[in-house]
Amino acid sequence: MSELKSLNKHTAPKSVMPERIIQFGEGNFLRGFVDWIVWNMDQKTDFNSSVVIVEPLPSGMIDMLNGQDCLYHVNLQGREDGQPVNTITRVDCVSRAINPYTQNPAFLALGELPDMRFIVSNTTEAGIAFDDSCKLADTPAASYPGKLVQLLFHRYQFFDGDPTKGMIIMPCELIFLNGHHLKDCIYKYIELWKADMGKDYEGFKKWFTDHCYVCATLVDRITPGFPRKTIKEIQQRISYRDCMVVQAESFHLWVIERPENMTVEALKAEFPAEKAGLHVLITDDEKPYHARKVTLLNGPHTVLSPVAFLSGLNIVRAACQHPVIGKFIHKVQFDELMQTLDLPMDELKKFASDVLERFDNPYVDHQVTSIMLNSFPKYNTRDLPGVKIYLKRKGELPQGLVFGLAAIITYYKGGKRADGTPIQPKDDPKIMQHLKDLWATGDTQKIAEGVLAFDYVWGEDLNAIPGLTALVKKDLDLIQKKGMLEAVKTIL
């Protein structure tokens, strides 16, 4: 075995570029997605930008990152055009990492850099929140939006309100319309700190409104993170001791909705990801792409999981490759859910095909039981809208999606699979008790009616949807009589 070198700027080449991006968050996703995208833009266009990472919490991984001079590798695994992909890239676009709790002057000094233009973040869904206990004088404010306003206000004052020194802000938190929520929080802090800002309050508020650009974004890449099982093999492959390797799937998508005060063309010119051949889509409206992801990625997951599990399959890849369950997934994806969306059909087919390749990832054993946590609320948000739209557009119910609901109901019966594996549903206790009471009747008509009438989940009585009660009962009877695998064949 070859001797491993320490990974740092003395043992590996590292680019030196202007610091133009501030990144709140040092976790696996940002390093395996955003920084990987920046690295690609640096390599393939004249973007010529490096990233300064700001740790959003008092403690994190920046000491480890700085210990490697912010160099690390990204290991992409997946399937593209039917072929397995397993690549390793050394990312060198992160210049340094700062802890604002111990290095507050250095944090604020980022606002003084004339080339700074972008701010990205992933502070978890809880990160974009307004905390009225934060003060402008805090070093730093506890919340992410509070820190952001402190930084922007310092920049405004340092450059005396220069309109060319505004920032483009692209949050990556997994919240629908994340940029809109972040902007609301920023305005709340500006009002909360109005007295502390004094004579600069009006000018700063106008500067932020006119010359800062907050985008809503949708991000999509599964990033398992540090590859504990294969790290020795990877380190031998790269010949470095890299303690910050990020493993991610090869698929990536970043949809960026232009801010109100900037055109799509202007944003594309400043952020040339498309020119670099990346799947980064800058658009007028993120909503249809959010609907596409929820419908064509999350929707099939929710119904394939109980059908696969009760057919004796444990991982998503095995379900995709199964001669019967694979056809069921394809039917739900292409024949039903895709028909309920409003984007161009070519785009939808490409996205749906990419999703099936992701499900069939040879490197990830995605347990179907992990997807089935809270299946009823998931079905409500991911699949029920498709049932309604399909019925409206086609004049009939989508058989696969309704069968998926019957499969979920059957899964919540509990007990054991044919091979003796325990069936252990997990959900809100109120939902669990309701299903237990219904299954105790042994009457599939009552079970179907009782589930569909459960407004705690649906917010309405789904028995009012024409034909739905009868079809759910029919599917429940089929599954009870024939078993899951034989029952699913009847709708293919």
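Do we find a residue being closer than 20 Å to residue 286 by Cα and either in contact with a Cys (Cβ under 7 Å, 6 or more places away or on another chain) or of a type in the set (A, V, I, L, M) (or both) anywhere in the range 140-162? No - not one qualifying residue is present in the range 140-162. Once the range 469-492 is narrowed to residues that are closer than 24 Å to residue 428 by Cα and in contact (Cβ under 8 Å) with a residue 60 or more places away in the chain, the residue that is surrounded by the most Cβ atoms within 10 Å (Cβ to Cβ) is 472. Residues in the range 433-456 that are in a helix (DSSP H, G or I) and either modelled with pLDDT under 95 or of a type in the set (D, E, K, R) (or both) were compared, and the one that is farthest from the chain's Cα centre (by Cα) is 446. Meeting the requirement of 2 or more residues that are open to solvent by 20 Å² or more (accessible area, probe 1.4 Å) and touching a strand residue (DSSP E or B) at 6+ places or on another chain (Cβ under 7 Å), the helices (runs of 4 or more DSSP H) wholly within the range 283-322 are 287-293. Total residues in the range 123-160 satisfying the condition of being open to solvent by less than 20 Å² (accessible area, probe 1.4 Å) and not β-branched (Val, Ile, Thr): the figure is 15. In the range 154-165, the residues that are in contact (Cβ under 8 Å) with a residue 40 or more places away in the chain reach residues that are among the hydrophobic types (A, V, I, L, M, F, W, C) and assigned to a loop (DSSP other than H, G, I, E, B) with C-beta atoms within less than 6 angstrom, at least six apart or across chains, in these pairs: 165/159.
The values are calculated or read from the model by the stated rules, or taken from the named source; none is laboratory data. Predicted, not measured: the structure shown is a model, and the values here were computed from it. Here Cβ is always computed from backbone atoms with ideal geometry, including for glycine, and neighbour counts include all displayed protein chains. SASA here: full protein model, heavy atoms, side chains in, ligands and nucleic acids out. Shrake-Rupley method; radii C 1.70, N 1.55, O 1.52, S 1.80 Å.
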